[in-house]
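FYI, it's all coordinate maths here, none of it is from the lab. Model, not experiment: these values are computed from the prediction. Reconstructed Cβ throughout: ideal geometry from the backbone, glycine too, with neighbour counts over all protein chains shown.
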Amino acid sequence: MNRKGRGGRMGHGPPKGQRGSAPVRVVTRYAVVEELASLGATVHTCSRNEAQLNECLHEWKMKGFRVTGSICDAVSRTQREELMSTVSYMFNGKLNILINNVGTSTSKPTLVYTAEDFSFLISTNLESAYHMCQLAYPLLKASEAGSIVFISSVAGVVATSTGGSIYSAAKGAINQLAKNLACEWAKDNIRSNSVAPWFIKTPLAETYLSNEKLSEAVNCQTPLGRAGEPKEVSSLVAFLCLPAASYMSDCLR
Ligand SMILES: NC(=O)c1ccc[n+]([C@@H]2O[C@H](COP(=O)([O-])OP(=O)(O)OC[C@H]3O[C@@H](n4cnc5c(N)ncnc54)[C@H](OP(=O)(O)O)[C@@H]3O)[C@@H](O)[C@H]2O)c1
């Protein structure tokens with residue numbers, strides 16, 4: 001995402017009357033794109049699903065947001081390279097913000113996971129973000145004010161009975177990656193932070209939250225007594241990208 005791109009300005013609200021219609025599919029990515037675009041960022045997003053992406057892009061266009069998108073399976077190294085090459089072309093080689101939001105989990109007992117499960121979950125949750133950072137580095141550096149936000153998870157900080165051990169290990173590694181980049185790339189004025197949500201009302205958490213017993217268990221372990229909304233994650237993500245957060249790096253929230 002480019003904070004300055006084409007007259008965009010972070011910190012300003014959306015034009016009048018451009019908030020409020022129901023999202024096509026409420027995933028964290030959708031909320032993050034909306035949040036940043038509403039603050040004036042020019043955003044390039046990706047999805048594996050062309051029909052859904054086009055529907056979202058149309059909706060954002062109607063709201064006056066500057067959002068473009070690519071089809072990309074983040075598990076594919078080639079497609080990640082193509083995505084970043086598109087971003088570089090569109091943003092003239094400069095990028096202010098990289099959000100690593102891609103993630104998925106399959107919860108199984110550790111002894112049941114296969115080698116394929118391991119490879120798929122690590123590739124989706126960790127390798128894709130690692131490689132995206134490598135690819136984005138020259139663009140973030142060129143912007144002279146870069147910010148990376150990783151969407152991690154509470155499961156990457158403490159052991160939970162949800163998500164599964166591979167997902168948890170990948171999210172723990174994401175937190176450590178965010179910390180390392182915060183130190184390694186500070187000299188290039190690139191900040192790096194992690195946001196670690198607990199249960200958020202998206203399709204990923206649907207299995208748990210639609211089950212009354214499991215949902216109650218989640219609520220009991222949550223200080224506010226309820227699952228979060230995607231918007232409650234995206235507002236924090238956006239804050240970490242604002243000039244107001246210019247001294248925040250190596251944070252895990
Ligand atoms: N929901 C929660 O309770 C919760 C809690 C903690 C952390 N998180 C984290 O929040 C992030 C967003 O998850 P969500 O809750 O919004 O889950 P979701 O509803 O399942 O959405 C997953 C997102 O990841 C994208 N994605 C998954 N695999 C991909 C791939 N191979 N290539 C490209 N995109 C891929 C999906 O895009 P397409 O399907 O459009 O391709 C979608 O945007 C994840 O990193 C997740 O681990 C979620």
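Below, the figures for the structure above:
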| read-out | value |
| --- | --- |
| Top-ranked residue of region 200-225 - restricted to ones that are assigned to a loop (DSSP other than H, G, I, E, B) and within 12 Å of the ligand (Cβ to nearest atom), ranked as surrounded by the fewest Cβ atoms within 10 Å (Cβ to Cβ) | Thr222 |
| Any hit, region 98-121, residues being outside any helix (DSSP H, G or I), touching a Lys or Arg at 6+ places or on another chain (Cβ under 7 Å) and buried (at least 21 other Cβ atoms within 10 Å of the Cβ) | yes |
| Number of positions in region 189-209 that are touching a residue at least 24 places away in the same chain (Cβ under 8 Å) and more than 21 Å from Leu252 (Cβ to Cβ) | 3 |
| Residue match in region 78-96 (condition: away from the ligand (no atom under 16 Å from the Cβ), more than 29 Å from Ile122 (Cα to Cα), touching a His at 6+ places or on another chain (Cβ under 7 Å) and not basic (Lys, Arg)) | yes |
| So Ala182, is it within 16 Å of the ligand (Cβ to nearest atom), surrounded by 15 or more Cβ atoms within 10 Å (Cβ to Cβ) and in a helix (DSSP H, G or I) | no |
| Subset of region 185-199 that is assigned to a loop (DSSP other than H, G, I, E, B) and either in contact with a Phe, Trp or Tyr (Cβ under 7 Å, 6 or more places away or on another chain) or farther than 24 Å from Ser107 by Cα (or both) - its residue that is farthest from the ligand (Cβ to nearest atom) | Asn189 |
| Gly64 being farther than 27 Å from Val154 by Cβ, without any contact (Cβ under 8 Å) to a residue 60 or more places away in the chain and in contact with a His (Cβ under 6 Å, 6 or more places away or on another chain) | no |
| Subset of region 149-162 [out of contact with any strand residue (DSSP E or B) (no Cβ under 8 Å at 6 or more places or on another chain) and surrounded by fewer than 22 Cβ atoms within 10 Å (Cβ to Cβ)] | Val154, Val158, Ala159, Thr160, Ser161, Thr162 |
| Some residue of region 171-179 being surrounded by fewer than 21 Cβ atoms within 10 Å (Cβ to Cβ) and touching a Lys or Arg at 6+ places or on another chain (Cβ under 9 Å) | no |
| Yes/no for Gly146 being within 24 Å of Tyr30 (Cβ to Cβ), more than 10 Å from the ligand (Cβ to nearest atom), touching a residue at least 12 places away in the same chain (Cβ under 8 Å) and crowded, with 22+ Cβ neighbours inside 10 Å | yes |
| Number of the exception - Ala129 against (1) surrounded by fewer than 22 Cβ atoms within 10 Å (Cβ to Cβ); (2) more than 8 Å from the ligand (Cβ to nearest atom); (3) in a helix (DSSP H, G or I) | (1) |
| Residues of region 41-93 satisfying the condition of being within 20 Å of Leu140 (Cβ to Cβ), among the hydroxyl-bearing types (Ser, Thr, Tyr) and within 18 Å of the chain's Cα centre (by Cα) | Thr42, Thr45, Thr68, Ser70 |
